[in-house]
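Student: I have a structure I would like to understand better, so I am pasting it below and will then ask my questions one at a time.
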Amino acid sequence: GAVVSQHPSRVICKSGTSVKIECRSLDFQATTMFWYRQFPKKSLMLMATSNEGSKATYEQGVEKDKFLINHASLTLSTLTVTSAHPEDSSFYICSAEGTGGINGYTFGSGTRLTVV
Amino acid sequence: GENVEQHPSTLSVQEGDSAVIKCTYSDSASNYFPWYKQELGKRPQLIIDIRSNVGEKKDQRIAVTLNKTAKHFSLHITETQPEDSAVYFCAAIPGNTPLVFGKGTRLSVIA
């Protein structure tokens, strides 16, 4: 089945620095990637939808200048948390949708970001 | 847009008993309803799904029912085991848009 790889799985960074999270589709071409954020004991909240080669579509309330999404190829999308602050600490997870019936219901392994 | 309500938020059952989690959705265009199991710190894992042209689907101890008229669907776990303890999320998809998740149910199976 479709495999979505996400790295890193855990990252600790200092306030003010930037962190990049990668999401790769390993055995299919991902035309669309979805980025979710999950607070402890909460549900997954969609942050943005990225389509290969075009600008991401952000959900209401998500700062696009803070959460930079790049989907430069059909197998890779990145989420960069810029000028991170402790309140950005969260579990970030991606899922990918591709061609040939590969749907966006398979998730990456997630990244736990801790900003200190 | 779509809104998915999930109940209960927490559920404790004795090992061997059944567990039922219910979800309602608002968008009649929704046509796909997956259920995910998420263990602490891990990705959600799809455990069962149902499409709008089917009323019930079963996979061993897990079953899902769908009532399109009432816009609700339920997850049934029979003969629960301690390893069933996790957070379960329902979701709905209106057309080609991303998943809309329920708030989750923390299931505890007590041995």
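Student: Which one of the conditions (1) surrounded by 13 or more Cβ atoms within 10 Å (Cβ to Cβ); (2) within 14 Å of chain A (Cβ to nearest Cβ); (3) over 30 Å from residue A:8 (Cβ atoms) does residue B:11 fail to meet, given that it meets all the rest?
Tutor: The single condition residue B:11 does not satisfy is (2).
Student: Can you say whether residue B:78 is surrounded by fewer than 21 Cβ atoms within 10 Å (Cβ to Cβ) and in contact with a His (Cβ under 9 Å, 6 or more places away or on another chain), as far as the supplied structure shows?
Tutor: no
Student: Which of the residues belonging to region B:19-71 are closer than 19 Å to residue B:103 by Cα, surrounded by fewer than 18 Cβ atoms within 10 Å (Cβ to Cβ) and either basic (Lys, Arg) or in contact with a helix residue (DSSP H, G or I) (Cβ under 6 Å, 6 or more places away or on another chain) (or both)?
Tutor: Result: B:22, B:42, B:71.
Student: Restricted to region B:58-111, and to residues that are in contact with a Pro (Cβ under 7 Å, 6 or more places away or on another chain) and not in a loop (DSSP other than H, G, I, E, B), which residue is nearest to the other protein chains (Cβ to nearest Cβ)?
Tutor: In this case the residue turns out to be B:89.
Student: Ok, one more. Of all residues in region B:88-108, which are surrounded by fewer than 21 Cβ atoms within 10 Å (Cβ to Cβ) and under 18 Å from residue B:22 (Cβ atoms)?
Tutor: Within region B:88-108, B:103, B:106, B:108 qualify.
Student: Taking residue B:48 and the conditions (1) outside any loop (DSSP other than H, G, I, E, B); (2) more than 14 Å from chain A (Cβ to nearest Cβ), which numbered condition does it fall short on, given that it satisfies the others?
Tutor: All conditions are met except number (2).
Student: Also, I was wondering about something else. Looking only at region A:6-46, filter to residues that are part of a strand (DSSP E or B) and free of Cβ contacts under 8 Å to residues at least 40 places away in the same chain; which one of those is farthest from the chain's Cα centre (by Cα)?
Tutor: Restricting to residues being part of a strand (DSSP E or B) and free of Cβ contacts under 8 Å to residues at least 40 places away in the same chain, the top hit is A:45.
For (1) within 23 Å of residue B:12 (Cβ to Cβ); (2) at pLDDT 95 or above; (3) of a type in the set (Val, Ile, Thr), each residue gets a yes or a no:
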{"site": "B:65", "(1), (2), (3)": "yes, yes, yes"}
{"site": "B:73", "(1), (2), (3)": "yes, yes, no"}
{"site": "B:85", "(1), (2), (3)": "yes, yes, no"}
{"site": "B:98", "(1), (2), (3)": "no, no, no"}
{"site": "B:103", "(1), (2), (3)": "yes, no, no"}
{"site": "B:111", "(1), (2), (3)": "yes, no, no"}
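The values are calculated or read from the model by the stated rules, or taken from the named source; none is laboratory data. As the structure is a computational prediction, the values presented were derived from the model and not from experiment. Quick reminder, even Gly has a Cβ in these numbers, built from the backbone with ideal geometry, and neighbours come from all protein chains shown.
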